[in-house]
Amino acid sequence: MSKSVTDVICPFCGTLCDDLEVIVSDDGKKIEDIYNACAIGAEKFMHAQAPDRIKRPRMQQPDGSYKEVSYDEAVEYTARMLYNAKKPLMYGWSSTSCEAQSVGHEIAEKVGAIVDNTATVCHGTTLIAVQDVGIPSCTLGEIKNRADRIIFWGCNPCHAHPRHQSRYSVFPRGFFTNKGHMNRKVIVVDPRVTDTAKLADYHYQIEQGRDFELLSAFRVALRNEPLPETVAGIPREKIIEGAEVMKSGRFGIIFFGMGVTQSLSKNHNIDNAIMLTKDLNEFTKFSIMAMRGHYNVTGSGQVLGWQFGYPFSVDLSRGFARYNPGETSSNDLLRRGEVDAVFVLGSDPGAHFPISSVRKIAQLPSVCVDPHITPTSEISKLHVPVAFVGVEVGGNCYRMDNVPIEARKVVDPPEGVLTDVEFLTRVNARLDQLMGGK
Amino acid sequence: MAKLKLNLISGRTIQQGVAMEGGKEKDAYTKACGIIEMDPSDLKKLGIWKGTNVRVTSEWGSVVVKAVEATQGPHPGLAYIPMGPWANSVVNPRTYSTGMPTFKGVPIEVEPAMNEPVLSSVQLVQKKCRGEA
């Protein structure tokens, strides 16, 4: 007889859906089916069951092959690597719980490491902009119940946050939006005719990388000042029409993604988007929100924030917290060869960093803590498989609107596989022993 | 052989997400991300059929991927490689003091490479790290 676990949290994207239903076998060991999840979320739960899953740590041999080692040996290697390094980089933290992040930061403080999370290649520039000009934001619940002007700027939730539109932003019927998408006008700004753009009322097919110009043009249009004939490939009339649509709403929201954070101008794009939001508040209520990628990258920023005062790229190597993106950020450190060991947990820089940074990781003593086989695990000196957070172990996570949600455990991890927290706690204890002899 | 200059962006696709969670060492991940989405007019300019392997070269590197027709187009002049090690072999790693590499807006050159294989993610990264690819 199977049993159903309800209200399960999906540990994939920043939307952090909390309505999944998972059918598990009677002995609580096997996931049989998943309801309500998107294709990516369902795959994440099912992959935890894969028969070829790695269940013991593996150490790279001189010929490049991998040999199974015990968790004790893995703890010893990791602790010694961090202990011996002058300036280790501890990167990742976005696909794990806040509890694990906290233990990781304790280790980082002890060994004088640099702690950086995936915001560094995602919404890092957003965080810089927020420090510059602040951010008028809200929760996803407010958007569901109130928002009637939805702008997706440089983001494609149909692909990256598949249930975002149906749960919060476009389709749901809320308290003041009781006709669902009939109450809302959707504007998409993207250089491609994305699947999100296809369902929009207005699509601005902007010239790639001209976001700053178009944002400025909307601000000009709001002030009724003259505009050139076209800006960023968009005719003047369309810009004025868009500004009128934004002004005429009762509650608007700008969601933005990698299209603005990763194109040139970077944090200045976000600065301008936030200032557009501020300008719109002269006419109506407007908010802005970053479409965060990993399910707990927001949590990593929160935990780093309350412990050290900065949301990413925190350098603890001098015994106090420093923060200077461009200097203390992972890619700059790796490319300049400024770190001498790399510890990765809950992320895959091997696949998602430029190859010049990946080459540096492969040359250094390195540990990759990840349930999957990834390009990072296959170039690291040590790969430590762990239990999936949100599937095999619970923990606290933060949604993209900074709302904390407790992830639930659904099934037991395979026998003998440690969780992130257990592994980090053992490394921490071993470091205490090593440092006691200092 | 014809060469075509394009502007490259990268990002998520749902196929990339599903294949990534299914295992980055698997074929499905190569099929989802070892591709370049090009506008039909650009495929024509290059004189190739969709499904042909092409070599993508930028100032920062080079990689072989399969050219496919844009699913979210038209976008002439713009090319799209889903985020992953293939895109990251050619993206601009400069951060301009923000910490963020320039993943979007990379000038590239595309040329047909029918006889060259698309490597799997693990093979590609390992070979690049050893300086073999």
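Assorted remarks:
A quick yes/no check of all residues on (1) surrounded by 24 or more Cβ atoms within 10 Å (Cβ to Cβ); (2) more than 25 Å from A:Gly301 (Cβ to Cβ):
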position: A:Pro365; (1), (2): no, yes
position: A:Cys368; (1), (2): yes, no
position: A:Ile373; (1), (2): no, yes
position: A:Lys381; (1), (2): no, yes
position: A:Val384; (1), (2): yes, no
position: A:Phe388; (1), (2): yes, no
position: A:Gly395; (1), (2): no, no
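- Residue in segment A:279-288 that is away from chain B (no Cβ under 14 Å) and under 19 Å from the mean Cα position of the chain (by Cα) present: yes
- Considering the conditions (1) buried (at least 24 other Cβ atoms within 10 Å of the Cβ); (2) touching a Gly at 6+ places or on another chain (Cβ under 7 Å); (3) modelled with pLDDT of 95 or more, A:Thr284 is excluded by exactly one of them, (1).
- Among the residues of this structure, A:Thr376 counts as one that is within 18 Å of the chain's Cα centre (by Cα) and facing chain B (nearest Cβ under 9 Å).
- Selection of segment B:61-91 for residues being facing chain A (nearest Cβ under 9 Å) and over 13 Å from the mean Cα position of the chain (by Cα) yields B:Thr71, B:Gln72, B:Gly73, B:Pro74, B:His75, B:Gly77.
- Residue tally, condition at pLDDT 95 or above and part of a loop (DSSP other than H, G, I, E, B), over segment B:117-133: 4
- If only residues of segment A:302-326 that are within 18 Å of A:Val133 (Cα to Cα) and among the small types (Gly, Ala, Ser) are counted, the one that is surrounded by the fewest Cβ atoms within 10 Å (Cβ to Cβ) is A:Gly309.
- Listing of helices (runs of 4 or more DSSP H) fully contained in segment B:1-98 that carry 2 or more residues being of a type in the set (Val, Ile, Thr): B:14-22
- Those strands (runs of 3 or more DSSP E) lying entirely in segment A:363-416 with at least 1 residues touching a Leu at 6+ places or on another chain (Cβ under 7 Å): A:366-369, A:395-398, A:404-407
- Residues within segment B:17-68 that are out of contact with any Gly (no Cβ under 9 Å at 6 or more places or on another chain) and charged (D, E, K, R), tallied: 9
- Looking at A:Arg173, A:Arg192, A:Arg167, A:Arg163, just one residue is out of contact with any helix residue (DSSP H, G or I) (no Cβ under 9 Å at 6 or more places or on another chain) and either at pLDDT 95 or above or surrounded by fewer than 22 Cβ atoms within 10 Å (Cβ to Cβ) (or both), and that residue is A:Arg192.
- Each residue in segment A:340-354 was checked for being within 22 Å of the chain's Cα centre (by Cα), outside any strand (DSSP E or B) and under 23 Å from A:Pro62 (Cβ atoms), and 1 of them qualify.
- Residue list for segment B:99-112, filter: surrounded by fewer than 24 Cβ atoms within 10 Å (Cβ to Cβ), facing chain A (nearest Cβ under 7 Å) and either in a strand (DSSP E or B) or without any contact (Cβ under 8 Å) to a residue 24 or more places away in the chain (or both): B:Thr102
- Only one of the listed residues (A:Gly337, A:Gly326, A:Gly319) is over 21 Å from A:Tyr168 (Cβ atoms), touching a Lys or Arg at 6+ places or on another chain (Cβ under 8 Å), part of a loop (DSSP other than H, G, I, E, B) and in the same structural domain as A:Cys98 (by TED's automatic domain parsing). That residue is A:Gly337.
- Matching residues in segment A:22-52 - criterion: being at pLDDT 90 or above and more than 24 Å from A:Gly346 (Cα to Cα): A:Ile23, A:Val24, A:Ser25, A:Glu32, A:Asp33, A:Tyr35, A:Asn36
- Yes/no for A:Tyr295 being surrounded by fewer than 24 Cβ atoms within 10 Å (Cβ to Cβ), of a type outside the set (Gly, Ala, Ser) and either closer than 28 Å to A:Cys10 by Cα or touching a Cys at 6+ places or on another chain (Cβ under 9 Å) (or both): no
- Condition check for A:Ile355 on (1) aliphatic (A, V, I, L, M); (2) within 20 Å of A:Gly293 (Cα to Cα); (3) within 11 Å of chain B (Cβ to nearest Cβ): one failure, at (2).
- Here A:Gly252 qualifies as touching a strand residue (DSSP E or B) at 6+ places or on another chain (Cβ under 7 Å), outside any helix (DSSP H, G or I), away from chain B (no Cβ under 14 Å) and of a type outside the set (Val, Ile, Thr).
- Residue within segment A:219-239 that is outside any helix (DSSP H, G or I), more than 14 Å from chain B (Cβ to nearest Cβ) and at positive phi present: yes
The values are calculated or read from the model by the stated rules, or taken from the named source; none is laboratory data. If you're wondering where the values come from, they're calculated on a predicted model, not measured in any experiment. Cβ sites come from the backbone with ideal geometry, for glycine too, and all protein chains shown count toward neighbours.
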